[in-house]
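The structure appears below as structure tokens.
The values are calculated or read from the model by the stated rules, or taken from the named source; none is laboratory data. The structure presented is a predicted model; accordingly, all values stated were derived computationally and were not measured. Note that each Cβ is placed from the backbone with ideal geometry, even for glycine, and that neighbours are counted across all protein chains shown. Each accessible area value is taken on the protein alone, full model and side chains, heavy atoms only, with ligands, DNA and RNA left out. Shrake-Rupley method; radii C 1.70, N 1.55, O 1.52, S 1.80 Å.
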Amino acid sequence: MNYIVLDLEWNQASNNNDPRSRQLAFEIIEIGAVKLNNHMEIVDTFHELIRPQVYGEMHWATEKLIQIHMSELKDGRLFPDVMRDFLAWCGPEHMFGTWGPMDLTELQRNMVFFGMEPLGDGPVRFYDIQKLFSLAYEDGKSRKSLEYAVDFLKLVREGPFHRALSDAWYTALVMQQIKDPAALQKVSFDTFTLPKDHKSEIHAVFDNYEKYISRAFADKEELMADKEVIATRCYLCHRNLRRKIKWFSWNGKQYFSLSYCDKHGYMKGKIRIRKAENDMVYAVKTTKFVSEEGAAAIQAKKERVRELRRQHRHKGH
């Protein structure tokens, strides 16, 4: 198994009203990657500039940030040719790592736009190294810049930031410093391609929570009527749990519930409803066990939602 630490730079329309933005918001113009073996040793690199086919002018903010001029890209190869060579370079067994969650989504969006198949027929497992850095060295919730992580770990600066290969190199160095096995178990899932059916939906159990990724649904109502989406099942003893607090929401995008397992205690459920690529919706559900204080916090949140609705009805009259 190889680890492919990837970084992309992309361009976008100079005008927010440009109709091309609805087809391809970000066109990849540079790809850089570092290959690590199963001992986390750097063994190879990949780098190429890409000739743009959608946006002929560089967005001023992009040019200022990455210091690439459009004239430098005119001799580059086209995206599909670069991607075929890149995927061959990756090898048959590999796992991607990126700084943050965007790169694989935009990579696959470019692949589909230019007539290529996406990376897989469902969600792609990868390491979000920005998240792993937070889990290993911060509070697990904050998301710091790559430059911050490099300085925090006192790594040697050997190239500019905001260029694909040097950012991939720095990200690989940060990844090498993450030794905690618990952090390295926290894989992420890129959901550009969703599970195609009920059987292929994602159920991933980590050390202290479970993540579920659903297939796509036509709308929120259909999603929240699905038995698997709203199930509250103990991920340790696999029993369906009775909900102490049924699913509720104050904004229609996040739902919460509270269940109880006789063996493991209170379990908090959280459903985030997200938009899919085809204007459908899907669910990302996490369940984790909480203390009595955590259970009380869910109850307080439920009471707050009830009070806000009561106030809203009162204003209506």
field: Size of electric dipole in the range 193-317: Cβ of Lys, Arg +1 and of Asp, Glu -1, about Cα centre, debye, nearest 20
entry: 480 debye
- prompt: If you take the beta carbon distance between Asp121 and Lys253 as r and set R0 to 25 Å, what does 1/(1 + (r/R0)^6) give as a FRET efficiency, to the nearest 0.05?
  reply: 0.35
Size of charge dipole - the range 119-200 - debye, nearest 20, with Cβ of Lys, Arg +1 and Asp, Glu -1, no other charges: 100 debye
- request: Take the alpha-carbon centre of the range 47-115, take the same for the range 279-315, and report the distance between them in whole Å.
  value: 41 Å
task: Calculate the spin-label point distance for Lys270 paired with Ala231, positioning each point 7 Å from the Cα along the beta-carbon direction, and give it in nanometres.
output: 2.2 nm
query: Accessible surface of Trp89 in the full protein assembly, 1.4 angstrom probe, to the nearest 10 Å²?
result: 40 Å²
field: Karplus-derived 3J(HN,Hα), 6.51/-1.76/1.60, for each residue of the range 15-28, Hz, glycine and proline x
entry: 10, 4, 8, 4, x, 5, 4, 6, 8, 8, 5, 10, 9, 5
query: What nm value, rounded to one decimal, do you get for the distance between Met40 and Gln185 when each label is placed 7 Å out toward the C-beta?
result: 1.6 nm
field: Axial C-alpha extent at least 18 Å, average Kyte-Doolittle at least -0.5 - helices from the chain (DSSP)
entry: 164-177
- request: Evaluate the distance, in nm, between pseudo-label points positioned 7 Å from the Cα of Phe206 and of Asn15 along their respective Cα→Cβ axes.
  value: 4.4 nm
- prompt: So how do 206-217, 14-25 stack up, highest first, on mean other-Cβ count within 10 Å?
  reply: 206-217, 14-25
field: Separation of alpha-carbon centers, the range 159-203 and the range 2-16, rounded to whole Å
entry: 15 Å
- request: Counting only heavy atoms of the protein chains, get the accessible area per residue of the range 1-158 (1.4 Å probe) and round it to a whole Å² value.
  value: 51 Å²
Pairwise FRET efficiency - Asp151 versus Lys301, Cβ, R0 = 51 Å, nearest 0.05: 0.85
field: Under the Karplus curve 6.51 cos²θ - 1.76 cosθ + 1.60, θ = phi - 60°, whole-Hz ³J(HN,Hα) for the range 201-213, x wherever Gly or Pro sits
entry: 5, 8, 10, 10, 9, 10, 5, 9, 6, 10, 10, 10, 10
query: So between Tyr260 and His162, what do we pick up on full extension, going 0.36 nm a residue minus the alpha carbon distance?
result: 30.5 nm
- prompt: What is the pair-distance distribution P(r) of the chain, computed from all Cα-Cα distances in 20 Å bins starting at 0, with each bin given as a whole percent?
  reply: 27, 53, 20, 1
task: Could you order Met83, Met280 by accessible surface area, starting with the largest, using a probe radius of 1.4 Å?
output: Met280, Met83
